[in-house]
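First the structure, in the form of structure tokens, and then the observations on it.
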Amino acid sequence: MRFSEFGLTTLKEVPADAEIVSHKLMLRAGLIRRLASGLFTWMPLGLRVLRKVEAVVREEMNRAGALELLMPAVQPAELWQKTGRWDQYGPLLLRMHDRHQREFCFGPTHEEVITDVASRELRSYKQLPVNYYQIQTKFRDEIRPRFGVMRSREFIMKDAYSFDIDHDGLEVSYQKMHAAYSAIFERLGLEFRIVWADSGEIGGSKSQEFHVIADSGEDAIAYCDSSDFASNIETAPTFPGDGKRAAATKELEKIATPGVKTIADLCGLLGIEASQTIKTLIVEGDDGPVALVLRGDHELNAVKAQKLAGVASPLTMADDKTIREATGSAAGSLGPVDMDLPVYIDHAVGQLADFSCGANEEGFHYTGVNFGRDLAEPETVDLRNVVAGDPAPGGEGTLSIARGIEVGHIFQLGTKYSEALGATVQDQDGKDRVMEMGCYGIGITRIVGAAIEQNHDDNGIIWPAPLAPFDVVLVPINMHRSDAVRDAAEALYGELTDAGLEVLFDDRDVRPGVKFADAELIGIPHRLVVSERGLGAGELEYRHRRDEESRNLKREEALKLLKESTIS
RNA sequence: CGGGGCAUGGCGCAGUCUGGUAGCGCAUCUGCUUUGGGAGCAGAGGGUCGGCGGUUCGAAUCCGUCUGCCCCGACCA
């Protein structure tokens, strides 16, 4: 491709709305342009990268025996009503009407449609197992689209769905996808981690996420430094303490704490650590409000809390009025002592002695609170997010926390959808059996952003070879004044292209600095410079995007190196 | 959806408080010079200042209202 014909516009300055580095670089390098909130056009350069991701995903899915098909993006409401998700999905689902006022949605995912397809297509256990996949545009009307392509409303997903006769079969299909996903992210050159996850809205039992490790990631993941345990922080468990609680040394004392509203206020006033305080949160419950009690320095885990008996799901914090009616006090002065509500106490709180908490009276707190004396001995539950240093499951090692970008997710769905939509096959005995399903997603567009988060420097993007929009950028110096340079560059362009390399030939009549800056910004792995100086010595200048320095190579050496390093 | 902020040539911003002929940088176009790390000089084009309504002799500026966008919280590939 000749740069002069490629229509690429790069930016020196970044639009003010870009927050994270991948978003900025994607705009500056001309990969994407924004149309509206959460909607992006993939410009020619960006589309080349997107196609590379798709190609790798497609190859590995095919290798794993999955069958590509393509379902409609627009789906009839009836299917969603049958599975109950028409009502459950809420505003995330983009709904619309056709001219006959029939209801449709723009598919945010395709469990309903694929299960309908499978129920019509699959008759016999002999047709199983089968795994259908597609690469397609989805739409989710996200509450808050952000970070460019990382969390857009319209995005491209590879979604796959497996059908098996029984759970053992599902396990096999699931493990195949586990292996295929690992192969995909390996090939894409990404540093990733597989973590246990909550299956959330989609439903089902077993579920794992594939995270690209990056500080800008929206998810926190907990992993063990001495075992292979890794989990989304949503589901990483905490454990009851060893029961060795310190003995009470202080008397219960009620003290005036005017104006104290937060844990930080309380610690400041009393000169104690947050870990010696507890906080009491009031949430909506099935039969009135419920109190959740955590150590002052810990965070509530919503996924865990909403699974507790009597707690409303999704988790909803009670409003001020409800709190006042239920406790007689305002948030900021709450505590479990003499609290007349169902109370759940976190494991870590059960380990405390001589702690401080609100007195359920505005402007007053207790200090020297102890279980077994001021409060009943607690039955504790797992309520909080793990923190670095917590013990890992299995009893060995401790947890560390990292940030991750979720680029893939695999689920064992079981029969939730096949049951609802009557997707059955006949087994060996001629009896109808509901098929066991798995579903497997990869965020194609998100991968592009995630790859940049992991591979960039101050000058721009550094594409891993399998994602690069071009293999080589060919930079002639002063080509428009030197016939020798022009001829040499044209010849190289032809030769490299004929050898099957994807070459970006920067034939623009601009100063060398501009070409170098653009080449680095858009992140082409190999750079070959043709200059009069080098030609005199029979040499070309080669530099890899990751190299510090360039080196001079004989023409034939350079060609050989390029041809060898880009064989895929 | 709750809380905060922003909206002025393609992009980044100033001007708004204190109403009086819309400005700067980048980008674009023309010419000359320059040519190994985002060139210099000279010139040019491009904005009904987000929409609507109001106050005023006069509104980018004041008031009202609507819309869009961004950031912080609950969702997910």
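Has region A:117-126 got at least one residue that is within 16 Å of RNA strand B (Cβ to nearest atom) and either without any contact (Cβ under 8 Å) to a residue 24 or more places away in the chain or assigned by TED's automatic domain parsing to the domain that holds A:Gly38 (or both)?
No; the residues of region A:117-126 include none that is within 16 Å of RNA strand B (Cβ to nearest atom) and either without any contact (Cβ under 8 Å) to a residue 24 or more places away in the chain or assigned by TED's automatic domain parsing to the domain that holds A:Gly38 (or both).
Determine which member of the set A:Ala348, A:Ala376, A:Ala420, A:Ala402 is buried (at least 23 other Cβ atoms within 10 Å of the Cβ) and among the hydrophobic types (A, V, I, L, M, F, W, C). Step through it out loud before you land on a result.
Working: A:Ala376 fails: buried (at least 23 other Cβ atoms within 10 Å of the Cβ); A:Ala420 fails: buried (at least 23 other Cβ atoms within 10 Å of the Cβ); A:Ala402 fails: buried (at least 23 other Cβ atoms within 10 Å of the Cβ).
Going through A:Ala348, A:Ala376, A:Ala420, A:Ala402 in turn, just one is buried (at least 23 other Cβ atoms within 10 Å of the Cβ) and among the hydrophobic types (A, V, I, L, M, F, W, C): A:Ala348.
Are there any pairs with C-beta distances below 7 angstrom linking a residue in region A:335-347 that is over 20 Å from A:Gln276 (Cβ atoms) to a residue that is aliphatic (A, V, I, L, M) and in a loop (DSSP other than H, G, I, E, B), with the two at least 6 apart or on different chains, and if so which?
Filtered contacts from region A:335-347: A:Tyr344/A:Leu308; A:Tyr344/A:Leu383.
Could you check A:Glu13 against (1) more than 13 Å from RNA strand B (Cβ to nearest atom); (2) more than 30 Å from A:Ala118 (Cα to Cα); (3) out of contact with any helix residue (DSSP H, G or I) (no Cβ under 6 Å at 6 or more places or on another chain) and say which number it fails?
(1)
Out of (1) touching a residue at least 24 places away in the same chain (Cβ under 8 Å); (2) exposed (fewer than 14 other Cβ atoms within 10 Å of the Cβ); (3) outside any helix (DSSP H, G or I), what's the single condition that is false for A:Phe104?
Of everything listed in (1) touching a residue at least 24 places away in the same chain (Cβ under 8 Å); (2) exposed (fewer than 14 other Cβ atoms within 10 Å of the Cβ); (3) outside any helix (DSSP H, G or I), A:Phe104 misses just condition (2).
Looking at region A:390-442 only, could you name the residues that are within 30 Å of A:Phe147 (Cα to Cα) and small (Gly, Ala, Ser)?
If the condition is that a residue be within 30 Å of A:Phe147 (Cα to Cα) and small (Gly, Ala, Ser), then A:Ser400, A:Ala402, A:Gly404, A:Gly408, A:Gly438, A:Gly441 are the ones that fit.
Name the residue that is farthest from RNA strand B (Cβ to nearest atom), counting only residues in region A:134-183 that are crowded, with 21+ Cβ neighbours inside 10 Å and of a type in the set (Ser, Thr, Tyr).
Filtering region A:134-183 for residues that are crowded, with 21+ Cβ neighbours inside 10 Å and of a type in the set (Ser, Thr, Tyr), the one farthest from RNA strand B (Cβ to nearest atom) comes out as A:Ser173.
Which of the residues that make up region A:123-133 are in contact with a Leu (Cβ under 8 Å, 6 or more places away or on another chain) and surrounded by fewer than 19 Cβ atoms within 10 Å (Cβ to Cβ)? Steps first, answer last, please.
As a first pass, look at region A:123-133 and keep what is in contact with a Leu (Cβ under 8 Å, 6 or more places away or on another chain): A:128, A:130-133.
Across region A:123-133, the qualifying residue is only A:Val130.
Of all residues in region A:26-36, which are within 8 Å of RNA strand B (Cβ to nearest atom) and loosely packed, with under 13 Cβ neighbours inside 10 Å? Give the derivation first.
Going residue by residue through region A:26-36, those that are within 8 Å of RNA strand B (Cβ to nearest atom) are A:28, A:34, A:36.
Hit for region A:26-36 is A:Ala36, nothing else.
Kindly check whether there is at least one residue in region A:37-58 that is outside any helix (DSSP H, G or I), without any contact (Cβ under 8 Å) to a residue 60 or more places away in the chain, within 11 Å of RNA strand B (Cβ to nearest atom) and closer than 28 Å to A:Glu142 by Cα.
no
Which of the strands (runs of 3 or more DSSP E) found entirely inside region A:464-568 contain at least 2 residues meeting this: within 27 Å of A:Gly189 (Cβ to Cβ) and in contact with a Gly (Cβ under 8 Å, 6 or more places away or on another chain)? So that I can check it myself, show each step before the final result.
Numbers: elements: A:472-476, A:503-505, A:526-530, A:539-544, A:551-554.
Strands (runs of 3 or more DSSP E) meeting the threshold: A:539-544.
The values are calculated or read from the model by the stated rules, or taken from the named source; none is laboratory data. The model shown is predicted, which means the values in this text are computed figures rather than measured ones. We place every Cβ from the backbone using ideal geometry, glycine too, and count neighbours over all the protein chains shown.
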